[in-house]
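So that we are looking at the same thing, I have put the structure below in structure tokens.
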Amino acid sequence: MSANSIELPDAMMRSSGIPISADVPDWTREMPQTFWDPGRKLLATIRGYQKWCGKTGLVARLCCKLHVLRHRFWSVVTGADIPLSCQIGGGLLIPHPNGIVIHPQAVVGVNCLIFQQVTIGSRSSDRLPVIGGHVDIGAGAKILGNVVIGDHARIGANAVVTKNVPAFGTAIGFQ
């Protein structure tokens, strides 16, 4: 190892040894791997809807309606409540999408990993969470209210996060 290189934790590295970016989306993470890949298919409907929603014309309206129907189907299959208008960065992984709830105005950064039963939302009329890039969120975690989760942070399983988590930080239990 040279004097100029920095050793990164394993969680920040891909199997190929290339670091996972907190700024540049890795769109290959969202590509369906098999015919039945509910999490990735749900994301594909959200991306498709957002693509066609900004366009005008008959074809655009029909495509939007088709994506709405597909989104409803995959939402029922997965049990996830991820609205079509979500601000989700590219490269999101949701390997077990059942029970995920994301507020429509919450912001999720690029290359994040969200496991099952995660809630990202408000506590009342507060501002909503802003999740940085390459954040891993464990199963059952709740991120609530006006919080900022820094890049490369980790949120433990069943953690309840109501305070900011710095970049490269870890939140467990009740924060």
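FYI, it's all coordinate maths here, none of it is from the lab. Because the structure is a prediction, the values reported are computed rather than measured. Note that each Cβ is placed from the backbone with ideal geometry, even for glycine, and that neighbours are counted across all protein chains shown.
Which percent, to the nearest 5, of DSSP beta bridges fully inside the chain are antiparallel?
Details: 1 of 24 bridges.
Antiparallel bridges: around 5 percent, rounded to the nearest 5.
Within the chain, what is the number of lysine pairs with alpha carbons under 25 Å apart, leaving out pairs fewer than eight places apart on the same chain?
Working: K41/K51; K41/K55; K41/K65; K41/K142; K51/K65; K55/K65; K142/K163.
Value for the chain: 7.
Taking all pairs of different Cα atoms in the chain, averaging 1/r and flipping that mean, what Kirkwood radius in angstroms comes out?
Working: mean 1/r = 0.0595 Å⁻¹.
Computed over Cα pairs of the chain, the Kirkwood hydrodynamic radius comes out at 16.8 Å.
Dipole of the chain, Cα-centred, from +1 at each Lys and Arg C-beta and -1 at each Asp and Glu C-beta, to the nearest 20 debye?
Working: 16 positive and 10 negative charges, 162 e Å.
With only Lys, Arg, Asp and Glu charged at Cβ, the dipole is about 780 debye.
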